[in-house]
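**Student:** Dumping the structure here so I can ask a few things about it.
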């Protein structure tokens, strides 16, 4: 059952990424990315990493996507101009794609050192991490949350302003 669920989540994640890339509508691209992040959180849940799964869903599929939506709100949707295509950007993208594909092949074959050495993190490690966050690192955590709220408030106020007509 876990293997079937893994394949379903993997197909959802890969399909979400492909949908994000090929979608011409910016809002649909963000929704496809949310689908990919949520499916990836499910994969982490299958790997017995509940903290990473929760962080994946709450932080990436939640908070980061809210910021992406505000950026999309600030971009003029009626502007039909596309991004200028430059030859150097295409060459750089092709080189990076080849490097990442080679890394993927090496990882799948088990050649890269350190692959598969880390076992699943148990509940005790998650409890220890929570204890550290809310005791020793409470002030940095709260300062970070205040900065995120300030950025969110700024994005809302910028998106709501109407310029002169």
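Taken together, the values in this text are just the output of simple stated rules run on the coordinates, not laboratory data. Predicted, not measured: the structure shown is a model, and the values here were computed from it. In this analysis, Cβ positions are derived from the backbone assuming ideal geometry, glycine residues included, and neighbour counts consider all displayed protein chains.
**Student:** Viscosity 1.306 mPa s, temperature 10 °C: what is the translational diffusion coefficient of the stretch 1-76 from Stokes-Einstein with a Kirkwood Rh over Cα pairs, rounded to a whole number of µm²/s?
**Tutor:** On the way: Rh = 12.8 Å.
Stokes-Einstein gives a translational diffusion coefficient of 124 µm²/s.
**Student:** Can you sort 136, 87 by how many other beta carbons sit within 10 Å, fewest first?
**Tutor:** 87, 136
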